Amino acid sequence: MTFKSDYIPRKFLSLIYLGSILFVGTVEAQQDFQVSEALEIKYLTEPGRYYQLQSLDGADWKNVGYAKLGDGSYVSEFHPAGEYRIIHPANTWALVWSDEFSGEDLDYTQWEKEENNYGGGNYERQAYRTDPKYLEVQDGLLKIHVYRDAHTTNDGKTQPYSSARIRTLKRGEWKYGRFEVRAKMPDGQGIWPAVWMLPTESPYGGWAASGEIDIIESRGAEVHETTGALHFGGAWPNNTFVAHSYTFPKQNAAEDFHTYVLEWSADEIKWFVDGELCQIRTKEEWFSESAKDNPRAPFDHPFHLLINVAVDGRFFEKTDQRADLIPDKDFPQTLEIDYIRVYQWAE
């Protein structure tokens with residue numbers, strides 16, 4: 001509705017949450033343009049407590065946005081007119097970040113593309129490139145493609161394959177939590193898709209003294225199983241790791257989407273596939289050479305997410321797989337991600 005007048009009262013309902021009581025007030029503003037009713041929802045938070053806004057949808061209350069961790073300040077948000085409430089999630093996982101890949105391009109407020117031609121020190125044979133050809137958001141899916149496209153950097157380094165790698169560095173980082181990924185893997189020999197985590201800072205030293213968490217790694221054509229791992233110890237080459245594999249009982253990792261979950265707490269890290277617990281690692285199994293008096297190091301500080309598809313490298317050194325054996329007609333090899341969701345435990 002559009003009004004033109006010297007004075008148009010524009011009302012905003014202000015919901016101020018104090019303790020268990022919602023106070024409703026109004027404020028007026030003088031405007032001469034399109035007027036639409038909106039609500040200012042404002043509430044005072046307590047440090048360390050999670051808050052979830054919900055709206056009434058028919059007979060059901062549904063979450064709006066993410067749960068917020070209180071810090072003692074006020075939260076103020078504007079939302080369309082409707083009925084709302086604030087709840088405190090308790091003894092549950094509260095959703096704090098996600099990407100459903102429902103748009104037409106990568107959300108650059110959440111992800112950064114990397115460009116790298118050097119294979120991460122693993123003798124990998126891909127160039128990570130930022131061209132749209134190698135990464136698409138389409139039909140509700142993130143798709144990372146591997147092509148047999150050679151790429152040479154200005155220093156003369158050439159890789160025979162090209163793909164993409166993205167990360168949430170400085171856009172999303174978490175200390176502990178539940179990380180849920182629904183994905184479908186490629187099945188080409190020597191193709192190495194991964195969803196994993198690295199420290200945002202490196203308080204205990206360079207890789208892998210400050211840790212690495214591998215949520216999913218798929219070993220090329222061995223799509224009957226998935227693997228996960230932790231890397232820790234000293235800085236390379238004085239690092240070590242623990243790893244596990246899980247065998248799919250029915251459709252393999254390339255035949256269907258599966259749900260992969262990692263739950264990370266101060267004392268243990270758990271991996272699940274399709275709801276089945278497949279591995280638990282405890283703090284007695286990891287360490288950092290530079291923090292031996294800290295039993296939780298190096299997995300006690302914020303990490304960020306990475307997604308990539310590598311080609312060949314050390315991951316295949318005990319196999320006879322090699323991407324050069326893939327027929328040209330089988331490219332691109334594609335990793336598909338339906339969603340990634342991050343939760344924090346609400347006491």
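All of the numbers you see were taken from the coordinates with simple rules; none came from a lab. Since the structure is predicted, the reported quantities are computational estimates derived from the model, not experimental observations. Neighbour counts run over all protein chains shown; Cβ positions are idealised from the backbone, glycine included.
Each peptide in 113-126, 53-66, 275-288 receives the mean, over its residues, of other Cβ atoms within 10 Å, and ordering these scores from highest gives 113-126, 275-288, 53-66. Packing, as the average of other Cβ atoms within 10 Å across residues, places the peptides 79-87, 167-175, 217-225 in the order 217-225, 167-175, 79-87, highest first. For residue 150 and residue 290, the difference between the fully extended length at 0.36 nm per residue and the C-alpha to C-alpha distance is 46.4 nm.
So, by mean Cβ neighbours within 10 angstrom, what's the order for 177-184, 209-216, 69-76, 311-318 with the highest one leading?
Put in order of decreasing packing, that is 209-216, 177-184, 311-318, 69-76.
When the stretch 129-204 is described by a simple charge dipole with +1 on each Lys and Arg Cβ and -1 on each Asp and Glu Cβ, the residue from 144, 130, 169 located farthest towards its positive end is 169. At an R0 of 35 angstrom, the distance between the Cβ atoms of residue 44 and residue 277 translates into a FRET efficiency of 0.35.
Computed over the stretch 92-161, the convex hull of the alpha-carbon atoms projects to a mean area of 6.8 nm². Hey, which of these cross-link pairs are over 19 Å Cα-Cα: 143/184; 250/329; 113/143? The answer is 250/329. Projected label points at residue 244 and residue 330, each 7 Å from Cα along the beta carbon direction, are separated by 3.0 nanometres. The share of C-alpha pairs in the stretch 217-347 whose separation exceeds 22 Å stands at 48 percent. For the chain, treating each Cα as an identical point scatterer without solvent, what Debye log10 I(q)/I(0) comes out at q = 0.07, 0.08, 0.13 1/Å? Result of the Debye calculation: -0.38, -0.49, -1.05. If every alpha-carbon in the stretch 111-244 counts as one equal scatterer, what log10 I(q)/I(0) does Debye give at q = 0.09, 0.17 1/Å? Treating every Cα as an identical point scatterer, log10 I(q)/I(0) equals -0.30, -1.14.
Counted residue by residue at 0.36 nm each, then reduced by the alpha carbon distance between them, the extension gain from residue 54 to residue 236 reaches 60.8 nm. Computed over neighbours whose Cβ is under 12 Å from that of residue 150, the net charge equals +3, Lys and Arg +1, Asp and Glu -1.
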